[in-house]
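The values are calculated or read from the model by the stated rules, or taken from the named source; none is laboratory data. Computed from a predicted model, the values in this text were never measured in an experiment. Every residue, glycine among them, receives a Cβ derived from its backbone with ideal geometry; neighbour counts consider all protein chains shown. Note: areas computed on protein heavy atoms with side chains; ligands, DNA, RNA excluded. Shrake-Rupley method; radii C 1.70, N 1.55, O 1.52, S 1.80 Å.
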Amino acid sequence: MPEPRVWRLTAGSAVLGLAIAAAAATAAGPWDGGQRTAERARAAAPATGGERHPAPAAAPAAPEPAGPAPAPSAPGVLAALALPAAPGTRPADLAPTLVPLLADPGLGTSRTASVVDTATGKQLYGEGAATPMTPASTIKIATTVAALSALGPDHRIATTVTAAPDGTAVTLTGGGDPTLDPARLKALAADTARALKERGHTSVRLAYDTSLYKGPALHPIGPNENLAPVTALMTREGRLDDSDSGPAPRSADPARDTATAFAGHLSAAGVKVTGAPAPGRTPKGAPLARTVSAPLADLVERTLTHSDNDLAEALARQTALAHRQPASFRGAEQAVRDELGRLGLPLTGARFADGSGLDRRDRVSAALLTGLLTRAADPARPALRPVLTGLPVGGFTGTLAGRYGQAPAGAGLVRAKTGTLTGVNTLAGTVVTPDGRLLAFAFLAGRTPSPYRAQPALDRLSAALTGQK
């Protein structure tokens, strides 16, 4: 009879915390103000000599939306970040376990691997770790690290309305927030109508401005259910159904649709809109009204948990703007590379052709992915912590909710970003070992025969790092 599984921490609190936290995250999602906030606060608190000290005082923040209380063991979810560095595992210790798993035919004919102890930065195992490969959606780890590093976790994306000097026209201006929803759009219209009436205007023309973004709006893959046209103004990522993640029918012109809906809300609020909304430029002057996205920390978590392509492209362009580059595919590529270079990451052969990973020209090495995760775990870089808290939890949340059935040791313990294109399957994330160390790993496979064979093989690789049988 097999020996019963024993939940341990040094793994005790961290491992059990992961499982309980995963259940809370499943219910609340990445916008939760309880579980995710507890994880972030605990993980970001500085650590010295293995002892956790209170986080430094911060300026008062706006109250978070009400949500479920943190899971009882949420503080243990990333407890390994506060533990003293354990003696380094020799690379040979992992080789007998990982080499046979990497040989699985389901991983195709090209595969690379990197496993790093985040406390020391030491590579514990590598197989072609410096070789650039097509990363698919694991490139979102690079996109989100760059955005957080360039802008900070409190950055918000604004959508504004500005009136012409004579008050006869208003312009709805997109700031690049794909999470703008009908409720916020309606509230923005109500605020606009109130401001116009105070100025004595009850009839206006409406223009909409998407000029913040440059270059082509269509991704090189063309019209696709995985990504709307990349425009600075859209509602609900241009989705034409009631979904909030994953593939969906998309609008061919999300900006015009958003402006048309805004015009309807203005009319309902008592301000007549003459003519149809038309593209235009924002007049000079202070906005009449504005609405802002959730903080960047929340946007990053959603991007990673649900592999949100629209958000990933938006965050890449926000990074471009922070670097004074054009908010385009090319401008974002340069800005992301520059920002990651500033962090001292290994970029030889790297290519960031897009922010989402849908472009097969993207190139990332396993060493770069583990380097990104190690930076996010660095106690000196708390602003990057949402990259860790946003990773899906194996068997519980986001794109890993249906995984680890064939590798149950990883369920609740592995947190990782998935990557899937035809013939490409990747997985990169973190795991807490039985002796309490936080490991970063990346496994990239190319020319795979099928995701139904590659994904379980990747799950087994990551589950093996947990030390659970």
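Looking at region 392-402 only, could you name the residues that are part of a loop (DSSP other than H, G, I, E, B), surrounded by fewer than 24 Cβ atoms within 10 Å (Cβ to Cβ) and touching a helix residue (DSSP H, G or I) at 6+ places or on another chain (Cβ under 9 Å)?
Of everything in region 392-402, those that are part of a loop (DSSP other than H, G, I, E, B), surrounded by fewer than 24 Cβ atoms within 10 Å (Cβ to Cβ) and touching a helix residue (DSSP H, G or I) at 6+ places or on another chain (Cβ under 9 Å) turn out to be GLY395, PHE396, ALA401.
How about region 283-320: which of its residues are crowded, with 20+ Cβ neighbours inside 10 Å, hydrophobic (A, V, I, L, M, F, W, C) and either out of contact with any His (no Cβ under 6 Å at 6 or more places or on another chain) or at pLDDT below 95 (or both)?
The answer is LEU288, ALA289, ALA297, LEU299, VAL300, LEU304, LEU311, ALA312, ALA314, LEU315, ALA316, ALA320.
For residues that are under 8 Å from the mean Cα position of the chain (by Cα) and on the phi > 0 side of the Ramachandran plot, tally how many sit in region 302-329.
Final tally of qualifying residues: 1.
When region 257-282 is examined, which residues are found to be part of a loop (DSSP other than H, G, I, E, B) and surrounded by 14 or more Cβ atoms within 10 Å (Cβ to Cβ)?
Applying the first criterion (part of a loop (DSSP other than H, G, I, E, B)) to region 257-282 yields 269-271, 274-277, 280-282.
Hits for region 257-282 are ALA269, VAL271, PRO277, GLY280, THR282.
Working carefully through the options GLY331, GLY275, GLY341, GLY349, find the one that is farther than 18 Å from ALA136 by Cβ, touching a strand residue (DSSP E or B) at 6+ places or on another chain (Cβ under 8 Å) and of a type in the set (Gly, Ala, Ser).
Exactly one of GLY331, GLY275, GLY341, GLY349 is farther than 18 Å from ALA136 by Cβ, touching a strand residue (DSSP E or B) at 6+ places or on another chain (Cβ under 8 Å) and of a type in the set (Gly, Ala, Ser), namely GLY275.
Only one of these is out of contact with any Gly (no Cβ under 6 Å at 6 or more places or on another chain) and either of a type in the set (D, E, K, R) or surrounded by 23 or more Cβ atoms within 10 Å (Cβ to Cβ) (or both): GLN468, GLN455. Name it.
The conditions single out GLN455.
Filtering region 172-218 down to residues that are farther than 20 Å from THR274 by Cβ and among the β-branched types (Val, Ile, Thr), which residue is farthest from the chain's Cα centre (by Cα)?
Ranking the candidates gives THR210 first.
When you look at ALA332, is it over 17 Å from the mean Cα position of the chain (by Cα), open to solvent by less than 10 Å² (accessible area, probe 1.4 Å) and closer than 28 Å to ASP244 by Cα, yes or no?
No: the conditions fail for ALA332.
Determine whether GLY357 is assigned to a loop (DSSP other than H, G, I, E, B) and open to solvent by 40 Å² or more (accessible area, probe 1.4 Å).
no
To keep it simple, each residue is scored yes or no on (1) open to solvent by 10 Å² or more (accessible area, probe 1.4 Å); (2) at pLDDT below 95; (3) in a loop (DSSP other than H, G, I, E, B).
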| site | (1), (2), (3) |
| --- | --- |
| PRO100 | yes, no, no |
| GLY106 | no, no, no |
| THR112 | no, no, no |
| VAL115 | no, no, no |
| TYR125 | yes, no, no |
| THR138 | no, no, no |
| THR144 | no, no, no |
| PRO153 | yes, no, yes |
| THR160 | yes, no, no |
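Residue check, ARG415 against (1) of a type in the set (D, E, K, R); (2) crowded, with 20+ Cβ neighbours inside 10 Å; (3) over 16 Å from LYS140 (Cβ atoms), all met but one. Which one?
Of (1) of a type in the set (D, E, K, R); (2) crowded, with 20+ Cβ neighbours inside 10 Å; (3) over 16 Å from LYS140 (Cβ atoms), only one is false for ARG415: (3).
Can you name the residue in region 205-256 that is in contact (Cβ under 8 Å) with a residue 60 or more places away in the chain and of a type in the set (Lys, Arg) and is also most open to solvent (accessible area, probe 1.4 Å) among such residues?
ARG205
Which residue, of ALA409, ALA457, ALA376, ALA367, is aliphatic (A, V, I, L, M), part of a helix (DSSP H, G or I) and in contact with an Asp or Glu (Cβ under 6 Å, 6 or more places away or on another chain)?
Details: ALA409 fails: in contact with an Asp or Glu (Cβ under 6 Å, 6 or more places away or on another chain); ALA376 fails: in contact with an Asp or Glu (Cβ under 6 Å, 6 or more places away or on another chain); ALA367 fails: in contact with an Asp or Glu (Cβ under 6 Å, 6 or more places away or on another chain).
Selected residue: ALA457, the only one of ALA409, ALA457, ALA376, ALA367 that is aliphatic (A, V, I, L, M), part of a helix (DSSP H, G or I) and in contact with an Asp or Glu (Cβ under 6 Å, 6 or more places away or on another chain).
Does at least one position in region 162-179 carry a residue that is touching a strand residue (DSSP E or B) at 6+ places or on another chain (Cβ under 9 Å), in a loop (DSSP other than H, G, I, E, B) and among the hydroxyl-bearing types (Ser, Thr, Tyr)? Spell out how you get there, then give the answer.
At the first step, the residues of region 162-179 found to be touching a strand residue (DSSP E or B) at 6+ places or on another chain (Cβ under 9 Å) are 162-164, 167-177.
Going one step further and asking which of them are in a loop (DSSP other than H, G, I, E, B), we end up with 164, 167-168, 174-177.
Next, from what is left, pick out any that are among the hydroxyl-bearing types (Ser, Thr, Tyr): 168.
Taking every residue of region 162-179 in turn, at least one turns out to be touching a strand residue (DSSP E or B) at 6+ places or on another chain (Cβ under 9 Å), in a loop (DSSP other than H, G, I, E, B) and among the hydroxyl-bearing types (Ser, Thr, Tyr).
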